[in-house]
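A quick write-up on the structure given underneath.
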Amino acid sequence: MDFSGKTVLLTGATSGIGAAIAKAFAAHGAELVLTGRRALPERPEGSGRPVFIAADITAPETPDRLVAETIGQFGKLDILVNNAGILFRGDALACTDEEWELSTNVTAAFRLSRAALRVMKPRRSGVIVNIASDWGLVGARNAVAYGVSKGALVQLTRSMALDHASDGIRVNG
C-alpha cells in the first residue's frame, strides 16, 4: 500500500493499536497528525515528520480544532482513524456512572467524524475508519460499558457509510 500524499489524523496514537497504526501509515508514506492524552513516546519513522497534538478528544471543541490544525499543517485531511478508546471491566452492577459515560468511545468518534466530514464532503473524497470490536457485535462478560460503546460505534459506522458513500467518502470499522 502507498499512502504517499495522504494526510491521516489518528486518535489514541500514543500506545497499543494506535501506535502500531501510526507506524504502519508512516512506513507507507502518509503524513500524520497524531493525538493522545499523553506525550508521544516514540515518533514513527516515515516520509515526513509526524505532528503530535496532546488533546482530550472528549472536549466538545477538540474535534474541530484537530481537523483545523491538520489542514493548517498539511492543507487537507484524507483519512481519519478514530482509534481512541477506553475499556472498563465490570458487569452492570460494578459499572459506575463515570465508566458508563461513553464520551471517548462513541461521542468523540461522532464529533471527530462530523468535523472530518465537513472538510471531506466538499472534496468528494475521504476515508473514516472507526476501530470497533467484535464485542460490539457479540458482547462479552464483565465489559458491559465497553461492549455497548463498541456496538454503538458499529452502528455509527454503518449509518455514516450509507449516508456518505454518495459523497465519495468511505466509512469502515
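The values are calculated or read from the model by the stated rules, or taken from the named source; none is laboratory data. What you see is a predicted model, and the numbers here were worked out from it, not measured in a lab. All Cβ positions, glycine included, derive from the backbone under ideal geometry; neighbour counts span all protein chains shown. These accessible areas exclude ligands, DNA and RNA; they are computed on the full protein's heavy atoms, side chains included. Shrake-Rupley method; radii C 1.70, N 1.55, O 1.52, S 1.80 Å.
What the table below lists for this structure:
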| quantity | calculated |
| --- | --- |
| Computed over the chain: relative contact order in percent, which uses C-alpha pairs under 8 Å that are six or more apart | 19 |
| Reference-scaled alpha-carbon Rg (2.2 N^0.38 Å with N residues) for the range 76-173 | 1.15 |
| Surface accessible to a 1.4 Å probe, per residue, for the residues of the chain, Å² | 51 |
| Carbon and sulfur %, accessible surface of the chain computed with the full protein complex present, 1.4 Å | 53 |
| Kirkwood hydrodynamic radius (C-alpha pairs) into Stokes-Einstein, the range 71-119, 10 °C and 1.306 mPa s, D in µm²/s | 123 |
| Most mobile of Val144, Val67, Val33 in a GNM of the chain (Cα contacts under 10 Å) | Val144 |
| Projected label distance in nm at Arg158 and Thr96, using a 7 Å step from Cα toward the beta-carbon | 3.3 |
| On Cα atoms only, tilt of 16-27 relative to the major axis of the chain in degrees | 20 |
| Heavy-atom accessible area order for Glu98, Glu61, Glu69, Glu31, largest first, 1.4 Å probe | Glu98, Glu61, Glu69, Glu31 |
| Per-residue SASA entry for Thr96, accessible area with 1.4 Å probe, Å² rounded to 10 | 60 |
| Partner lysines for Lys6 [C-alpha distance under 20 Å; skip if fewer than 8 residues away on the same chain] | Lys23, Lys76, Lys121 |
| Heavy atoms of His28 accessible to a 1.4 Å probe, total area in Å² rounded to 10 | 80 |
| Degrees between helix 108-123 axis and first principal axis of the chain (Cα, 0 to 90, nearest 10) | 30 |
| Per-residue HN-Hα couplings for the range 133-146 [Karplus 6.51, -1.76, 1.60; θ = phi - 60°; Hz; x = Gly/Pro] | 7, 5, 5, x, 9, 10, x, 7, 5, 6, 8, 4, 5, 5 |
| Fluctuation leader among Ala143, Ala92, Ala39 - the chain, Gaussian network, Cα springs under 10 angstrom | Ala92 |
| Ser4 accessible area, assembled protein chains, probe 1.4 Å, Å² | 70 |
| The chain - Rg and Dmax from Cα coordinates, angstrom | 15.8, 49 |
